[in-house]
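This report refers to the structure that appears directly beneath it.
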Amino acid sequence: MNLFDVYPLYNVTPVKAEGCYVWDSNNTKYLDLYGGHGVISIGHSHPDYVKALKSQLDKIGFYSNSIQNPLQKELAKKLGQVSGCDNYNLFLCNSGAEANENALKLASFQTGKKRIISFDNSFHGRTSAAVAVTDNLSINAPINLQQEVTFLPLNKIELVQKEIDKNDVCAVIIEGIQGVGGLDEGSSNFFQDLQKICNSNKVIFIVDEIQSGYGRSGMFFAFQYHKVEPDIITTAKGMANGFPIGGVLIANNIDAKHGMLGTTFGGNHLACAAALSVLNVIENEDLIENVNEISAKFLEQIKKIPEVKKIKGKGLMLGIEFDFEVAEIRKKLIFDKHIFTGGAANKKLLRILPPLNITNGQMNEFVDALNEIVRSDIKK
Ligand SMILES: Cc1ncc(COP(=O)(O)O)c(C=O)c1O
């Protein structure tokens, strides 16, 4: 059987990883500034994480959601404590798209309405409602277009108000910081006004923290910079350092009913053990402090490259913008300098999402490599 060919692939085959490094099948070592697309939060193969998963597997790896699973309660408690969002309830699922799908479904259950407001350049996943609220028609099939979605520009609150006044909107969904779209974000005023308008019109305010959450922005959740309290927060990527998991954090004003949401695999024993281990490491190793320290030093260094026109994002979720397309730079970074980075819908932007325990030395290695590539291209 062949693989269904949906991904354009770089010709690199990682076989081993440790901390911020990955080795391929030729034993070439790469510095990982992409973190497997923002997934590797505590570093590859962190010893505590490996130990936690192995020891859980020796006990029980999986049972269904029809029995008691104290690990789920332990995870909810720890997540509440580490994130500061301890007044939410947790629903566990298996991916980012699934988290958003459930968030949107809950909003529709709660309000009895079905139109959703999303934002230009947003990315929320590839399943039914999640892809419909993603601003990319080319990844929506005709079946996805049954959803009623209105896309608006960021930071234009009057346009949001005008749509909500039509009285048919169940939810507003916004990324803490846009990932795939290219690191744009709403202002604090915009987030605060969104919350106000949503609250006073009984519209559910959903913040997608799937990429920007789990300390990546320098706060546990990026929306915490704006001092808002969303009705629903969705998480995935960094949550279990590569073990598939998603989470929906649901405010107390939304009532649960049996059968409303459900999943076979969500919240299984292994996933909970992995997610608990991530939270313990984030806490024990002060990783959010590390994000802020490393980010500040990196910003000083990267600004010294004159071709860098703008830096977007926060913490270790950063976009380095040039006034030319970066595809060639990314290729040279991988194949000549052995450094993984990411791209974005904005083709002039290099996206970096390194493990949160990266060091200054490793970030400087990247700055030097980037500087050399840009310089050599200019000389040609
Ligand atoms: C902001 C955001 N939401 C949702 C998703 C979808 O997550 P998943 O690929 O786990 O379904 C992504 C993935 O890149 C994302 O960046």
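Annotations
- Any hit, region 129-137, residues being more than 15 Å from residue 211 (Cβ to Cβ), surrounded by fewer than 17 Cβ atoms within 10 Å (Cβ to Cβ), within 14 Å of the ligand (Cβ to nearest atom) and not charged (D, E, K, R): yes
- Any hit, region 224-237, residues being modelled with pLDDT of 95 or more and touching a Pro at 6+ places or on another chain (Cβ under 8 Å): no
- Residue in region 249-267 that is within 14 Å of the ligand (Cβ to nearest atom), under 15 Å from the mean Cα position of the chain (by Cα) and of a type in the set (Val, Ile, Thr) present: no
- Contact map, region 292-308: first residue closer than 15 Å to residue 322 by Cα, second residue in a loop (DSSP other than H, G, I, E, B), Cβ cut-off under 9 Å, separation 6 or more or different chains; pairs are 302/308; 307/322; 307/323; 307/324; 308/322.
- Filtered residue count, region 233-272, keeping only those that are crowded, with 24+ Cβ neighbours inside 10 Å, touching an Asp or Glu at 6+ places or on another chain (Cβ under 9 Å) and among the polar types (S, T, N, Q): 2
- Residue 280 vs. criteria of a type in the set (S, T, N, Q), under 29 Å from residue 194 (Cβ atoms), in contact (Cβ under 8 Å) with a residue 60 or more places away in the chain and more than 16 Å from the ligand (Cβ to nearest atom): no
- Residue within region 187-203 that is within 11 Å of the ligand (Cβ to nearest atom), in contact with a helix residue (DSSP H, G or I) (Cβ under 8 Å, 6 or more places away or on another chain) and either closer than 21 Å to residue 153 by Cβ or part of a strand (DSSP E or B) (or both) present: no
- Strands (runs of 3 or more DSSP E) (entirely within region 281-380) containing at least 1 residues that are closer than 28 Å to residue 26 by Cα: 349-352
- Residue 120 being acidic (Asp, Glu), at pLDDT 95 or above and over 24 Å from residue 346 (Cα atoms): no
- Among the residues of region 75-121, the one identified as surrounded by fewer than 20 Cβ atoms within 10 Å (Cβ to Cβ), part of a strand (DSSP E or B) and polar (S, T, N, Q) is 89.
- Within region 138-172, if we keep just the residues that are touching a Leu at 6+ places or on another chain (Cβ under 7 Å) and either assigned to a strand (DSSP E or B) or closer than 22 Å to residue 353 by Cα (or both), the residue that is farthest from the ligand (Cβ to nearest atom) turns out to be 152.
- Residue 214 vs. criteria modelled with pLDDT of 95 or more, within 10 Å of the chain's Cα centre (by Cα), away from the ligand (no atom under 11 Å from the Cβ) and not basic (Lys, Arg): yes
- Any hit, region 53-61, residues being closer than 22 Å to residue 95 by Cα, in a loop (DSSP other than H, G, I, E, B) and more than 22 Å from the chain's Cα centre (by Cα): yes
- The sole residue among 229, 175 that is crowded, with 24+ Cβ neighbours inside 10 Å, of a type outside the set (Gly, Ala, Ser) and either more than 24 Å from residue 293 (Cα to Cα) or within 13 Å of the ligand (Cβ to nearest atom) (or both) is 175.
- Of all residue pairs spaced 6 or more apart or on separate chains, those with beta-carbon atoms under 8 Å, a first member in region 210-221 that is under 17 Å from residue 294 (Cβ atoms) and a second member that is of a type in the set (Ser, Thr, Tyr) and surrounded by fewer than 24 Cβ atoms within 10 Å (Cβ to Cβ) are 217/225; 218/295; 219/225; 220/83.
- The condition (being among the hydroxyl-bearing types (Ser, Thr, Tyr), under 19 Å from residue 98 (Cα atoms) and either surrounded by fewer than 24 Cβ atoms within 10 Å (Cβ to Cβ) or in contact with an Asp or Glu (Cβ under 8 Å, 6 or more places away or on another chain) (or both)) is satisfied by just one residue among 200, 187, 212: 212.
The values are calculated or read from the model by the stated rules, or taken from the named source; none is laboratory data. None of these values were measured; they are calculated from a predicted model. With ideal geometry, Cβ positions are generated from the backbone for all residues, glycine too; neighbour counts draw on all protein chains shown.
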